[in-house]
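See below for the structure under consideration.
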Amino acid sequence: MSVAMLYVGLVLAALAMAALVAAPLRRGAPRLFGGIVLLVPVLAFALYRIVGTPVALDPEAAPAAAERAAPTMEEAIAELEAALQRDPAQPEGWRLLARAHAAQGNRARARDAYMSALEQIPDDPDLLIETAQARAQATPGNLFDDEALAQLRRALALDPGNQRAQWFIGVVQRQRGEDAQAVATWEALLPELDAETATALRAQIDQAREAAGMPPAPPMAPSSEAPGQTAAAGGTTATPGLRVRVALDPEFAARVRLRGDAVVFVIALAAGGPPMPVAVERHTLQDLPLDIVLDDADSLMPTMKLSSLTDIELVARISATGSASRAEGDIESTPVQVKRPVDAPVELVIGAQAR
């Protein structure tokens with residue numbers, strides 16, 4: 001298949017998905033419908049370009065492809081923002097805008113867009129959780145404030161089986177040094193999980209128990225469930241995600257001067273799969289060393305879920321241009337492949353290859 005045919009296929013698929021998602025808005029808010037249809041394919045391409053495109057393998061074709069790249073994500077975001085200013089009562093439009101800002105690293109604007117969506121549908125548990133996480137990501141140290149915690153508790157009250165809300169409440173408790181409470185929160189969640197997810201969460205519980213001065217938990221009883229099968233009916237599957245630590249190689253840092261505001265991408269992909277990232281977080285060099293959790297909330301596209309993968313490849317990259325597009329001069333860590341469940345944090349060291 002030619003590169004041109006591949007692009008046509010991607011455009012058609014993205015447009016079809018966008019039109020399907022935005023279809024309810026077509027009659028009531030035609031301008032917003034148009035904005036969403038424009039933005040979704042652009043966001044898909046922006047994620048695809050984080051790790052490169054087939055044309056990037058051809059050095060002679062790359063400059064011509066760059067000239068044809070339009071519209072930009074910034075233009076698509078501006079179009080959607082304008083549509084939402086004209087017709088703000090569109091929660092899904094605000095949610096899409098929030099995800100777009102998050103992908104661009106505009107955490108405060110992502111938080112504000114989520115808050116605007118929440119004004120329209122204040123009783124949506126998933127939106128409450130997304131908003132709480134966006135508030136944390138817009139705060140130094142990714143700390144959940146009191147309002148974010150209230151949103152998580154509200155989500156759990158609306159949907160008592162929402163495992164993701166329970167997981168994040170435990171994260172908040174750990175952040176606040178309430179380690180024994182985190183143990184109680186997470187251990188109450190364990191019976192509702194499939195064996196693989198429970199194993200990953202047990203590693204977090206063991207750390208919380210140690211921090212609280214509690215004895216180790218008894219060994220987990222063998223499960224007869226098939227991998228991926230959820231024990232409880234109903235509710236939202238928990239996604240503890242992958243804990244990732246990112247550092248700069250000391251020898252490399254000692255001999256190379258880098259700007260503190262240089263952009264760092266932390267990327268998860270399907271191991272051996274397509275180059276489209278499954279989850280992405282954007283930080284700056286001055287944030288290093290990082291200790292983060294990649295999960296489904298770090299995916300821009302709802303059809304791409306980290307929790308659905310078993311074999312995952314992780315890489316961290318300093319962008320020379322500050323753009324999501326891979327460029328000459330970028331500095332990457334050695335990719336690390338893991339198989340879920342993963343008990344320990346995944347360590348990524350940027351610059352070790354460039355010694």
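The values are calculated or read from the model by the stated rules, or taken from the named source; none is laboratory data. Quick caveat: nothing in here was measured; it's all calculated off a predicted structure. Every residue, glycine as well, gets a Cβ built from its backbone with ideal geometry; the counts of neighbours run over all protein chains shown. These area figures cover heavy atoms from the full protein model, side chains too; ligands, DNA and RNA do not enter into them. Shrake-Rupley method; radii C 1.70, N 1.55, O 1.52, S 1.80 Å.
Details
- Residues within the range 161-172 that are under 12 Å from residue 188 (Cβ atoms) and free of Cβ contacts under 8 Å to residues at least 40 places away in the same chain, tallied: 2
- Pick from the range 142-166, criterion open to solvent by 20 Å² or more (accessible area, probe 1.4 Å) and of a type in the set (S, T, N, Q), ranking: modelled with the highest pLDDT: 166
- Meets criteria (within 19 Å of residue 299 (Cα to Cα) and within 16 Å of the chain's Cα centre (by Cα)) for residue 113: no
- Here is the figure for the range 159-197: residues that are among the hydrophobic types (A, V, I, L, M, F, W, C) and more than 24 Å from the chain's Cα centre (by Cα) total 4.
- Residues located in the range 82-103, provided they are surrounded by fewer than 19 Cβ atoms within 10 Å (Cβ to Cβ) and touching a residue at least 12 places away in the same chain (Cβ under 8 Å): 82, 86, 87, 88, 89, 91, 92
- Restricted to the range 240-355, the set of strands (runs of 3 or more DSSP E) holding at least 3 residues that are open to solvent by 30 Å² or more (accessible area, probe 1.4 Å) and at pLDDT 85 or above comprises 242-248, 336-339.
- Filter result for residue 126 (charged (D, E, K, R), over 25 Å from residue 265 (Cα atoms) and under 16 Å from the mean Cα position of the chain (by Cα)): yes
- In the set (1) touching a residue at least 40 places away in the same chain (Cβ under 8 Å); (2) under 20 Å from residue 193 (Cα atoms), the condition left unmet by residue 130 is number (2).
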